[in-house]
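The numbers here are math on the coordinates, done by the rules we state, and not lab data. All values derive from a computational prediction rather than experimental measurement. Please note: Cβ atoms are built from the backbone with ideal geometry, for glycine as well, and neighbour counts cover all protein chains shown.
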Amino acid sequence: MKKLNIGIYGFGVVGQGLYSVLQKSKTVDAKVSSVCVKQKNKIRTIKEPLLTLDREKILNNPDVNVVVELIDDAAEAYHLVKESLYKGKSVVSGNKKMWAAHLEELIHIQNETGKSLLYDASACGSIPIIRNLEEYYDNDLLKSITGILNGSSNYILTQIFRDGKVYANALKEAQALGFAESNPESDVSGSDSLYKLIIITAHAFGIIVSSDDIFRFGIDNISDFDVQFAKEKGLRIKLIARVTKAEDGKISMYVVPEFVSPDKYIYNVEDEYNGVIIEGEFYDKQFMFGKGAGAYPTGSAVLSDITALSHNYKYEYKKRKYFKIPEFTNRVSLKVYLRYDRTEDLRHFDFEEIFEQYAGLGTHFVVGKISLEKLIKIKDILPGLPVFLGVL
C-alpha cells in the first residue's frame, strides 16, 4: 500500500467531513500536510501551520503526492486539477461542474502524465456509482441509468409531498439544514443533476455529451396545482436524471421532474437520499441507494477514492477503450404534463399529440407527446416562463 501525503483545497462542509473521517480511518496510510483556504479569519477545527492561504504551497511541495480538490469554484478547480497532474500529483475531486465541462481534456492529461484522477464523490454522494460502472458493469449490456442524483431537491420534494409544505418553506428548511446552498439555483434548476449525469454517462456508455445539448428542467416553478395533480393520481414528483440506449444503439439524456408511481424503486427515495437504477440486457434492474448530501456521506466517498489511490487504482474508461462509442440523439418523444398560467405560453410548445387538456381560472394544463429535439430549442426561454413541465 502506497503512503499518501495529501494537500486539500477547500475546507467547507465536505472538506471538514473528509478531515474528520481521515482521522478515524485505519484503512489507509495517509497524512494531511496542508489545507488551502480562501479566508484567514474563519473559525475552523484546524489551525496553522496546517492551514495556508497560498495555493502554490501544495502545488510546489514535492512531498505531496495527492491533491484533494473540494472548492466550489469550477473554473479555479479546473486549473488546480490540471496543474496538479502536470506537477506529478494524483487528484481526487468532487467538483461535478468542472468534470462535466472538462472531462475529455482531463482524461487526456491523465493519460499523458500517468497520474490518477478519481471523482466518485462528484456523482452520487455516498453511492459508489462510477467505480461500479467501471468494474462490475464493464460490458456493453447496459440499457439505461435512471436516478435521483441531487439530495437537496429530493429533500425539498419530500417535504412538499410527505409533510405538505409549500416550496418556499421546504427550500428554507433544506438551506437551514445545510442540504441546499444559500444560492440553491444549481440544485433546484437541475444543473447539478445534469453535471452528474454527464459524468455517469461517460463511464456507462463511453460518450461525453455537452451540457448544452441535453434538455434540463428543474423544480423551482412547482406549484400547489402540480402537487395536487400528482396526488390525485397517486403519484409523487421526483427530479430525475436519465440516460437511455435505444435499440438503434443511440443514447438520449435528460433531467426533468417525473411523476413517479408507487411501484417504482425511486418512489420511496426520500429526504436527502439518492437512488440509482441500472438496467441491463440480462440482469433487468438493479438499485443503489444512499445519502447524496452532507459532510460525512460525501467525505466518506472522497476517502474511498483516496484509499483506492493507495492501491494505485485509476479509471480505465473501458467503454471508451474497448467498445464503439454510441451516438447521441434528441429525436426521442416523451409524454409530458405541462402546466401554464398564460394561454400565450402554450404556443412555445410544439406538441405532436395531445391526450388531455384543461383550462381553468388562471391555471391550465396539457398532457401530450413532445420530442426532446423540440424542447431543447426552447430551453433558453423556459426559465422565464410561468410553467411547470414533468414527464409522465
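Put +1 on the Cβ of every Lys and Arg and -1 on every Asp and Glu Cβ in the chain; which of Ile266, Ile8, Asn139 then has its Cα farthest towards the positive end of the dipole?
So the residue we want is Ile8.
Could you list, in their original order, any pairs among Lys89/Lys377; Lys24/Lys196; Lys196/Lys231; Lys264/Lys319 whose Cα atoms are separated by more than 32 Å?
Over 32 Å Cα-Cα: Lys89/Lys377.
Hey, fewest Cβ within 10 Å first, where do Phe225, Phe287, Phe349 land in order?
Lowest to highest Cβ neighbour count: Phe287, Phe225, Phe349.
Determine, for Lys97, Lys57, the number of other Cβ atoms within 10 Å of each Cβ, and report the residues in order from fewest to most.
Lys57, Lys97
Give a residue-ordered list of calculated ³J(HN,Hα) values for region 139-148 (Karplus: 6.51 cos²θ - 1.76 cosθ + 1.60, θ = phi - 60°; whole Hz; x for Gly, Pro).
9, 9, 10, 5, 10, 6, 10, 10, x, 8
To the nearest 0.05, what FRET efficiency results for Ser182 and Glu247 with a Förster distance of 56 Å applied to their C-beta separation?
Step by step, r from the Cβ atoms, then E = 0.80.
Using Cβ counts within 10 Å as a stand-in for footprinting exposure, how do Ser153, Ser182 rank, fewest first?
Ser182, Ser153
What is the packing order of peptides 120-131, 26-37, taking the mean over residues of other C-beta atoms within 10 Å and listing the highest first?
Packing order, densest peptide first, comes out as 120-131, 26-37.
For the chain, just say rounded, prolate or oblate: build the C-alpha gyration tensor, square-root its eigenvalues into a ≥ b ≥ c, call rounded for a/c under 1.5, and beyond that prolate if a/b exceeds b/c, oblate if not.
Prolate.
Could I have the simple spin-label model distance between Lys24 and Phe287, label points 7 Å from Cα toward Cβ, reported in nm to one decimal?
2.8 nm
Enumerate the calculated ³J(HN,Hα) couplings along region 173-186 in order (Karplus 6.51 cos²θ - 1.76 cosθ + 1.60, θ = phi - 60°), each rounded to whole Hz, writing x wherever the residue is Gly or Pro.
5, 4, 5, 5, 8, x, 7, 10, 6, 4, 10, x, 3, 4
By its C-alpha gyration tensor, with a ≥ b ≥ c as the square roots of the eigenvalues, how is region 258-326 shaped: rounded for a/c under 1.5, else prolate for a/b larger than b/c, else oblate?
The shape class here is oblate.
I'd like the Karplus ³J(HN,Hα) series for region 96-101: coefficients 6.51, -1.76, 1.60, θ = phi - 60°, whole numbers in Hz, and an x wherever there's a Gly or Pro.
4, 5, 5, 5, 4, 7
What distance in nm separates the simple spin-label points at Lys57 and His348, each placed 7 Å from Cα in the Cβ direction?
Result for the modelled spin labels: 4.9 nm.
Is the C-alpha gyration tensor of region 330-392 telling us rounded, prolate or oblate? Criteria: a/c under 1.5 is rounded; beyond that, a/b larger than b/c is prolate, otherwise oblate.
Because a/c hits 1.5 or more and a/b fails to exceed b/c, region 330-392 counts as oblate.
How many angstrom separate the Cα center of region 5-64 from the Cα center of region 143-215?
Using only Cα atoms, the two centres lie 28 Å from each other.
Using amide H atoms built in the peptide plane, which far-off residues or other-chain residues are under 5 Å from Lys143 H to H?
Glu279, Gly280, Glu281
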